[in-house]
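Input: a single structure, listed below in structure tokens.
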Amino acid sequence: MSRDQAPVFQLTPWWIFALPRPGRHLHLFFVVHSSLMGTALDWGKALRDYRARTGLNQQGLAAQLGISQPQISRIEAGSARLADDVASAVRALIQKPGNRGLFDGLLTTIQFCPHVACLVQPAGDDIRYVALSRGFREHPQFRAIEIGQLVRKQASRNGEALVLATIGSGIFDGDVTSINAIWKAEVDDHLNHWQGVMTPIRASGGGWYLHCAMKPLSPAQFAALSANRPDPMVVHRLN
């Protein structure tokens, strides 16, 4: 992959959940595959994706699952119905941490990160939260935010302007490699100063995501950065 190409990650159907606890908005985050949520799983695609990630041929996968290679071929072609025991074996296999795709590993990395970071995806003229780091969830400004919420709904005036400018920059069109931005946000009469680096990520299925790594700034740091840049949002493009 060349330096100017956006990274491509394997996206598989995993869901992210948060458990509330008294006195706190968010407690524990974990990832659950859609097959456990009653959502129809494309078994054939799941097995093909798994083989692509691991380099296994159908014979090797059949050996891992304890079934025949022709069965694997029929499952991947969508012409065979999985017995309950085979379905359970497939679930157990693809849900092992070492067997998950790179995108799923990225989600886990973000969830347990002690720094302020999140993963979002475009939602029309807005952006939706997909994953939140531990540092993000514990910061006073973001404690009311939950996965699935729209960013503009919770953002300050400056934050909303940043969202619109980010979408308008073309970051979800493949022309932008990253955005470095500084902004202020007033929450509960407290003014927070931030610097953030936003990096677009395209999943193997074609969908765009945005990884946002943020750093709190002191007023003096914010003023110094503001004085040395022509615009609060610096967009880095391919050309």
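The values are calculated or read from the model by the stated rules, or taken from the named source; none is laboratory data. Being a predicted model, the structure only gives us computed values, none of them experimental. Every residue, glycine as well, gets a Cβ built from its backbone with ideal geometry; the counts of neighbours run over all protein chains shown.
The set of residues from the range 126-148 being part of a strand (DSSP E or B) and either touching a Lys or Arg at 6+ places or on another chain (Cβ under 7 Å) or buried (at least 21 other Cβ atoms within 10 Å of the Cβ) (or both) comprises ASP126, ILE127, TYR129, ALA131, LEU132. Right, LYS215: modelled with pLDDT under 95 and either among the basic types (Lys, Arg) or outside any strand (DSSP E or B) (or both) or not? So LYS215 fails the test.
Taking each residue of the range 78-100 that is free of Cβ contacts under 8 Å to residues at least 12 places away in the same chain and not assigned by TED's automatic domain parsing to the domain that holds GLN64 and looking for partners that are of a type outside the set (Val, Ile, Thr) and surrounded by 16 or more Cβ atoms within 10 Å (Cβ to Cβ) with beta-carbon atoms closer than 9 Å, six or more apart or interchain, yields nothing.
Select from the range 49-79 the residues that are part of a helix (DSSP H, G or I), among the polar types (S, T, N, Q) and either touching a Ser or Thr at 6+ places or on another chain (Cβ under 8 Å) or surrounded by 13 or more Cβ atoms within 10 Å (Cβ to Cβ) (or both) and list them in ascending order. I'd like the intermediate steps shown before the answer.
Initial filter on the range 49-79 (part of a helix (DSSP H, G or I)): 49-54, 58-65, 69-77.
When the remaining residues are screened for being among the polar types (S, T, N, Q), the result is 54, 58-59, 64, 69, 71, 73.
Across the range 49-79, the qualifying residues are THR54, GLN58, GLN64, GLN69, GLN71, SER73.
Scanning the range 143-156 for residues that are of a type in the set (A, V, I, L, M, F, W, C) and at pLDDT 90 or above yields a total of 3. For the range 182-210, a residue qualifies if it is modelled with pLDDT under 90 and either part of a strand (DSSP E or B) or buried (at least 18 other Cβ atoms within 10 Å of the Cβ) (or both), and the qualifying residues are ALA185, GLU186, VAL187, HIS190, ARG202, ALA203.
Taking the range 104-125 as the region of interest, how many residues are more than 10 Å from the chain's Cα centre (by Cα) and either crowded, with 20+ Cβ neighbours inside 10 Å or within 21 Å of HIS193 (Cβ to Cβ) (or both)? Lay out the reasoning, then the answer.
Initially, the range 104-125 is screened for residues more than 10 Å from the chain's Cα centre (by Cα), giving 112-117, 122-125.
So of that shortlist, the ones also either crowded, with 20+ Cβ neighbours inside 10 Å or within 21 Å of HIS193 (Cβ to Cβ) (or both) come out as 113-117.
Result for the range 104-125: 5.
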